[in-house]
Each structure stands twice: as structure tokens, then as C-alpha cells.
Amino acid sequence: MGQAASSAAVTSRRESAQGNRSATASKTRSISSVSPMVGHSAREDDNDNGNENRRGVAVTDGDADYISDLPNECLASVFQFLGSADRNRCSLVCRRWFEIEGQSRHRLSLNAQSDLFPVIPSLFSRFDSVTKLALKCDRRSVSIRDDALVLISERCPNLTRLKLRACRELTDAGMEGFAKNCKGLKKLSCGSCTFGSKGMNAVLDNCAALEELSVKRLRGITDPSAADPIGPGVAAASLRTVCLKELYNGQCFGTLILGAKTLKTLKLFRCSGDWDRLFQLMADRVTNVVEVHLERLQITDVGLQAIANYSSLEILHLVKTPECSDVGLVVIAERCKLLRKLHIDGWKANRIGDEGLIAVAKGCPNLLELVLIGVNPTKASLEVLASNCQNLERLALCGSDTVGDPEISCIAVKCVALKKLCIKSCPVSDHGMEALASGCPNLVKVKVKKCKGVTVEGGDWLRRARGSVAVNLDTGETELQEASASDGGAQDNNNGLEFPPMPAQIAAAATGASGSAGIASSSTVRSNSFKSRLGLLSGRSIVATTLRRWSGGSTSARHG
């Protein structure tokens with residue numbers, strides 16, 4: 001009996017000790033979850049209650065909270081490395097973090113619907129250091145009005161960047177009030193807005209530090225002939241970049257472009273009107289242009305000859321400008337000796353070919369990047385390019401009927417500095433891949449898309465032969481299998497980029513599917529072929545996107 005009682009007492013003491021340890025550990029974990037910044041110096045030992053007690057004391061001791069001793073400036077610097085979601089979570093830790101996070105946030109993106117107006121005072125009382133602001137509204141919602149924009153400008157007088165998207169309720173009066181309060185603005189980007197030339201002129205007349213202006217679908221100018229000319233204003237002295245997109249009234253910005261004496265970059269995308277005359281006038285007034293992008297623009301060789309007067313030109317994009325030919329490109333090559341990047345989308349017009357490319361090879365030895373889409377160069381021009389442009393690092397050949405194995409072999413032998421190569425929809429076979437295996441010693445990446453002659457075995461052989469080269473191969477076989485399993489076909493999505501299937505592949509897949517079912521469906525084949533042709537036309541900008549990624553383009557965060 002005494003022995004049993006003794007055993008029961010020992011068991012009771014053990015259970016009591018274990019209960020105390022579990023309660024202490026639970027308390028420690030609970031406190032640690034509330035105060036994650038506290039450090040523990042004692043090593044966990046389940047058999048030592050003293051250590052548990054000392055750890056509990058350390059948790060409740062404020063001396064171990066090193067984060068609280070950090071200055072506000074250090075915390076603000078740490079917050080700058082966090083994304084928007086993480087910053088929001090940090091702001092909920094305590095009142096101090098809440099205040100520091102708000103005061104250190106310089107970038108802010110807001111849903112610019114009409115119900116934003118009542119919360120603007122409290123919102124910008126917290127975020128009182130914002131310098132970069134984006135106001136975006138859904139197209140089906142009512143956007144903020146002039147009073148909201150003016151109030152924002154009063155609360156954020158130090159704004160340097162403003163982005164407006166689909167703010168259709170803003171008028172010239174609102175833009176004028178904003179411009180008077182934010183005279184330090186350096187970058188303005190507006191798209192699908194309805195204010196007109198008076199609002200734009202108010203910005204140009206008040207924001208003397210403006211460096212970048214981007215305008216897309218400005219709907220406030222309904223009659224270009226009756227509208228006031230835009231610019232130049234005081235901003236013309238500091239303006240470096242002008243980008244105009246999808247404007248049927250783009251000619252109204254001619255005064256601004258001509259008055260921007262320090263203009264470096266000019267981008268014109270899908271703007272109606274004849275632009276030859278403007279470039280002729282620019283030749284004598286704006287002489288420091290370094291970068292020109294022209295896409296679906298009415299410009300001829302006359303305009304290219306005027307652009308050739310920019311002796312400092314380094315980057316030129318000619319995308320779907322069918323009236324430009326070898327004549328204009330030859331003049332560009334002869335006068336623009338510093339050209340580094342050249343993108344040409346010939347749109348299958350066959351007006352730019354060997355003559356223009358040979359002139360570029362002879363006149364632009366510093367060429368680093370060359371993109372040819374819908375252009376048919378032969379071995380003659382490619383050989384001269386490879387021989388004369390010894391620094392050529394990035395090359396893309398897409399939709400070229402004349403680029404085959406001999407041309408790829410020439411590139412492999414001659415292009416010693418080549419690092420990135422993209423081949424799409426060209427009559428290249430496995431023999432071209434074999435040539436790449438023994439050439440281009442500095443090659444880092446190869447992309448082959450929609451080249452029917454290149455097999456999976458050829459791509460695997462190239463990978464084995466050049467282990468250090470990243471080979472991205474798309475032969476279209478996967479798409480054929482997917483297309484036969486569905487009515488509309490499928491598109492391969494590699495690294496976030498869509499490459500539409502070729503018309504012949506879709507037609508063959510549709511025919512095979514209908515044949516297996518025993519039903520003839522010629523209308524489906526024609527429909528799929530037509531859709532694929534549309535997709536092919538809209539997908540040619542993919543290569544430009546890929547090369548921009550190769551060139552090291554950076555992406556901007558929504559919050560900073």
C-alpha cells in the first residue's frame with residue numbers, strides 16, 4: 001500500500017511538472033506571436049524549468065525588443081523594400097509602424113471613382129509624402145471630377161508623376177487647377193481622358209519641370225482643325241520624351257514637338273495624318289533626338305530622310321510603315337552612324353530588303369540589336385551585317401521566307417559577339433541548329449518558334465552540344481494535338497507570351513478532327529484559318545517584347 005501511494009505521488013508530481021512546462025511554453029508561444037520582434041537567447045531545454053522561466057522573463061522584458069530602438073528613418077528604409085501587400089500588413093502591427101509606413105510611402109495607386117472624393121483629406125493626411133500618383137477608373141464607372149483632382153493637388157503639392165486612366169469626368173478646368181498647384185510635375189501620362197487642348201496647355205504653361213509626356217486616346221479634341229495648338233509652353237525647355245498613341249488629332253501636338261529643343265525620344269503609335277511635313281520642320285529645330293518609334297504611321301521616305309538629320313540617333317523602330325523603303329533606310333544608314341538598335345516590321349510589303357540592310361551594315365558598325373519582322377533578307381545582306389557589325393548581340397528573324405539553313409550557318413560563323421537569337425516562322429531545319437552548335441561562341445539563348453523543319457530531336461541535340469545555351473523550342477506539335485481535341489484550336493503560352501498557331505496547322509488539325517468523326521466541316525476550317533491569320537498579324541509585337549526583356553528593361557512597382 002505504501003509503495004502504491006508513493007508511486008501515485010511521483011506520478012502526480014510528474015504530471016504537475018509537465019502541466020507547468022506546457023502552460024509556460026504555451027504562454028511563451030502566445031507572447032511571441034504577439035511580439036515577433038523579441039529575440040530569445042536561451043537554448044530550449046525541455047528538462048530545465050529554469051530555462052523556461054528565464055525565457056518567459058526575456059519575452060516580457062522590453063530591453064530585448066531591438067526593433068523598437070530603431071530610428072524611424074531606418075524603419076522607413078526597410079519598408080521601401082517591401083511590396084504593397086507586405087507594407088499594408090506592417091502598418092497594422094502598431095501605431096508607430098502605421099504612421100511611419102504612411103509617411104514613407106511615395107507611390108500610390110487609387111481607384112479613381114467618384115466616391116473617392118470624401119476620403120481624400122483623411123487619405124492624404126496619412127500618405128502625406130506621395131510624389132507618384134496613379135488615378136485609374138473602370139470604364140463602366142463614374143470617375144472623379146475636377147473638384148477631387150484639385151483637392152488632391154492641394155494635399156500633394158510635391159507630386160512629380162501623375163497617371164490618369166479613364167478619368168472621363170475631368171475637364172480643362174480641373175487640369176488647370178491641378179497644374180497651378182503641382183508646378184513641380186515631371187511626368188504626365190493620360191489615357192482615355194476627355195479634357196482638351198486647354199487642359200493640356202495649362203499643364204505645359206505651369207509645369208516648367210515636365211520631362212515626359214504620354215498621351216493616349218485624348219478624346220477632348222473633336223475637331224483638330226478648330227482646336228487650339230498644343231504647346232510649347234514653359235515645359236518645352238525641359239521636355240525630353242513625347243509619346244502619342246492612338247490619336248486622330250495627333251497633329252495638334254506639332255507645335256509642342258517643334259518647340260521642344262531638348263527632345264530626346266519621340267514615339268508615335270497609330271496616329272492619323274501625314275507626318276512627313278512635321279519631320280521636315282523638326283530637322284532644323286530639334287536636333288538632339290536619340291530615339292524614334294514609329295508604328296502604323298503615315299510616313300514615307302521623305303520623312304525618313306528628314307529623320308536622317310538626327311546624327312545622334314541611336315534607336316529606330318519602323319513598325320508597319322509600308323510606305324518606307326530601302327531609299328529612306330539607306331539615307332538613315334549613311335548619316336546616323338551611332339545607330340545601336342534597329343527594329344523593322346516590313347508587314348510583308350517587301351519594300352525593305354538587302355539594299356537597305358547592306359547600307360545599315362556598312363554605315364552603322366555599332367549596331368547591337370537588329371529585329372527583322374516580315375522582311376526577306378538573303379545571305380548576301382546577312383553576311384555583310386555579320387562581318388561589319390562585330391558588336392551585334394541580339395538578332396531576331398521572324399516571318400522571313402528567305403532565311404533558311406544557309407543564312408543561319410552564315411550567322412553562326414560570322415556573328416562572333418551574338419548572345420541572343422530568335423527565329424520564328426522561317427524555313428529553317430535541324431541543319432541550321434547543327435550550325436549553331438559549332439558557331440557563335442558567346443551565344444546564351446536561342447528561341448525557335450514555328451519553324452516546321454526544326455524537330456524536337458534537333459533542339460535536344462543543340463542542348464546537349466551547347467550545355468550553357470538556353471534553347472527554347474516550339475515546333476507546333478503540341479498545338480496540333482490540342483487543336484485536334486478542341487474546335488477552336490489552342491495557343492501555346494510560353495513564359496507569358498502567346499504565339500498564335502499557323503493557319504496551315506489549324507486547318508490540318510480541324511480537318512483531322514472532322515475526318516475522325518466522319519463529318520465534313522469546311523466552314524470550321526475556314527473560320528479557324530481566318531482567326532489564326534488575325535492572331536498572326538496581332539502577334540508580331542511579341543518579338544519586340546522579348547527583346548526588350550533581353551535588353552534588361554525594368555518594371556516599375558505600383559507602390560514605393
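The values are calculated or read from the model by the stated rules, or taken from the named source; none is laboratory data. Just so it is clear, the model here is predicted, and its values are computed rather than measured. Please note: Cβ atoms are built from the backbone with ideal geometry, for glycine as well, and neighbour counts cover all protein chains shown. Heads up: the accessible areas ignore ligands, DNA and RNA and are worked out on the full protein's heavy atoms, side chains in. Shrake-Rupley method; radii C 1.70, N 1.55, O 1.52, S 1.80 Å.
Annotations for the structure displayed:
- On region 257-359, 47 percent of the accessible area sits on carbon and sulfur atoms, based on a 1.4 Å probe.
- Estimated inter-spin distance, residue 366 and residue 262, nm [label 7 Å along Cα→Cβ]: 2.2
- Table column - 3J(HN,Hα) (Hz), region 433-447, Karplus curve with 6.51, -1.76, 1.60, x for Gly and Pro: 5, 5, 5, 5, 5, 10, x, 6, x, 9, 5, 10, 9, 10, 10
- HN-Hα J in Hz across region 401-412 - Karplus 6.51, -1.76, 1.60, θ = phi - 60°, x for Gly and Pro: 6, 9, 9, x, 4, x, 5, 5, 5, 4, 4, 4
- Distance violations [Cα-Cα > 30 Å] among 337/452; 186/424; 379/452; 187/420; 379/450: 337/452; 186/424; 187/420
- Taken per residue, the accessible surface of region 327-477 reaches 37 Å², heavy atoms only and a 1.4 Å probe.
- 19 Å reach of a label modelled at residue 296, 7 Å along Cα-to-Cβ, counting backbone N of region 267-289: 267-276
- On region 67-216, 50 percent of the accessible area sits on carbon and sulfur atoms, based on a 1.4 Å probe.
- Label point at residue 334 placed 7 Å out along Cα→Cβ; residues across region 355-399 whose backbone nitrogen lies under 17 Å: 355-365
- Computed from backbone phi, the HN-Hα couplings of region 372-383 come to 10, 10, x, 10, 10, x, 10, 4, 4, 6, 5, 5 Hz, rounded to whole numbers (Karplus: 6.51 cos²θ - 1.76 cosθ + 1.60, θ = phi - 60°; Gly and Pro given as x).
- Amide H contacts of residue 429 (H built 1.01 Å from N, in plane; Pro and chain starts excluded): 405 sit under 5 Å, all sequence-distant by 5 or more or on other chains.
- The amide H of residue 109, built 1.01 Å from its N in the peptide plane, has 134 as neighbours under 5 Å, considering only residues 5 or more places off or on other chains.
- Surface accessible to a 1.4 Å probe, per residue, for the residues of region 117-181, Å²: 47
- Between amide H atoms placed 1.01 Å from N, distances below 5 Å from residue 447 occur with 421, 422, 423, 472, all of them 5 or more places distant or on a separate chain.
- Average accessible surface area per residue within region 200-293, 1.4 Å rolling probe, Å²: 38
- Taking 0.36 nm per residue of sequence separation and removing the Cα-Cα distance, the residue 76/residue 189 pair yields an extension gain of 37.9 nm.
- Highest average first, the peptides 287-297, 69-79 ordered by how many other beta carbon atoms sit within 10 Å of their residues are 287-297, 69-79.
- Overall, the anisotropy analysis places region 346-460 in the oblate class: the square-rooted eigenvalues a ≥ b ≥ c of its C-alpha gyration tensor yield a/c not less than 1.5, with a/b not exceeding b/c.
- In terms of its C-alpha gyration tensor, region 387-434 comes out prolate, because a/c is 1.5 or above and the ratio a/b outweighs b/c.
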